[in-house]
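Asker: Sharing a structure below in structure tokens format, with a few things to ask.
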Amino acid sequence: MNEINELDEIIDIEIYAKEGKEPPFGKKIKYRVRIDDTHYVIDSRNPTGRELLVIAGKTPPEQYRLDQKLRGGLTKKIELDERVNLAQPGVERFMTIPLDATEG
């Protein structure tokens with residue numbers, strides 16, 4: 001996460017998804033994402049699953065599963081090194097699940 005200045009536009013991807021709109025992208029755009037019940041502002045349009053888990057304080061990331069909630073209620077598992085396109089229409093939020101020692 002980087003500092004926010006007055007020239008940055010912050011796009012709340014959850015609002016865009018619920019309205020069925022495609023989020024814009026550009027140099028001065030930051031993305032507001034919800035991971036579990038907390039919102040974070042990030043400057044990367046294509047973070048990895050690992051980066052999202054670290055931003056959310058879920059470390060080590062290998063001990064967590066990250067799921068992406070899409071518009072319409074669908075969910076998709078995000079792998080640690082998989083990139084997520086936050087400007088893709090329908091991306092609402094993310095959920096984390098602690099893994100048991102026997103999983104993964």
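The values are calculated or read from the model by the stated rules, or taken from the named source; none is laboratory data. Just so it is clear, the model here is predicted, and its values are computed rather than measured. Using ideal geometry, Cβ is built from the backbone for each residue, glycine included, and neighbour counts are taken over all protein chains shown.
Asker: Out of the residues in region 36-53 that are of a type outside the set (D, E, K, R) and in contact with a helix residue (DSSP H, G or I) (Cβ under 6 Å, 6 or more places away or on another chain), state the one that is surrounded by the fewest Cβ atoms within 10 Å (Cβ to Cβ). Outline the logic, then answer.
Answerer: Within region 36-53, the subset of a type outside the set (D, E, K, R) is 38-42, 44, 46-49, 52-53.
Restricting the remaining residues to those that are in contact with a helix residue (DSSP H, G or I) (Cβ under 6 Å, 6 or more places away or on another chain) gives 40, 53.
On the way: Tyr40: 16, Leu53: 24.
Checking each candidate, the answer is Tyr40.
Asker: If you take just the strands (runs of 3 or more DSSP E) that sit entirely in region 63-104, which of them hold at least 3 residues that are buried (at least 18 other Cβ atoms within 10 Å of the Cβ)?
Answerer: Answer list for region 63-104: 64-70, 91-98.
Asker: Name the residue that is modelled with the lowest pLDDT, counting only residues in region 44-56 that are in a loop (DSSP other than H, G, I, E, B) and small (Gly, Ala, Ser). If you could, list the steps in order and put the result at the bottom.
Answerer: Step one: filter region 44-56 for residues in a loop (DSSP other than H, G, I, E, B), giving 44-47, 56.
Still in the running and small (Gly, Ala, Ser): 44, 56.
Working: Ser44: 89, Ala56: 97.
Here the residue is Ser44.
Asker: Okay, moving on. Does region 17-43 hold any residues that are at pLDDT 90 or above and not aliphatic (A, V, I, L, M), and which are they? Walk me through how you get there before you give the answer.
Answerer: So in region 17-43, the residues at pLDDT 90 or above come out as 30-42.
Result: Lys30, Tyr31, Arg32, Arg34, Asp36, Asp37, Thr38, His39, Tyr40.
Asker: Only residues in region 51-69 that are free of Cβ contacts under 8 Å to residues at least 12 places away in the same chain and of a type outside the set (Asp, Glu) count as the first member; pair them with residues that are buried (at least 18 other Cβ atoms within 10 Å of the Cβ) and not in a loop (DSSP other than H, G, I, E, B), Cβ under 8 angstrom, at least 6 apart or cross-chain, and list the lot.
Answerer: Val54/Pro61; Thr59/Leu53
Asker: Out of region 14-31, which residues are surrounded by fewer than 17 Cβ atoms within 10 Å (Cβ to Cβ) and either over 15 Å from Val91 (Cα atoms) or touching a Phe, Trp or Tyr at 6+ places or on another chain (Cβ under 8 Å) (or both)?
Answerer: Glu22, Gly26, Lys27, Lys28, Ile29
Asker: Would you please name the residue that is nearest to the chain's Cα centre (by Cα), looking only at residues in region 1-16 that are at pLDDT 85 or above and not charged (D, E, K, R)?
Answerer: Step one: list which residues in region 1-16 are at pLDDT 85 or above, which gives 9-16.
Add one more test, that the residue is not charged (D, E, K, R), and what stays is 10-11, 13, 15-16.
On the way: Ile10: 14, Ile11: 12, Ile13: 9, Ile15: 13, Tyr16: 13 Å.
Taking the candidates together, the pick is Ile13.
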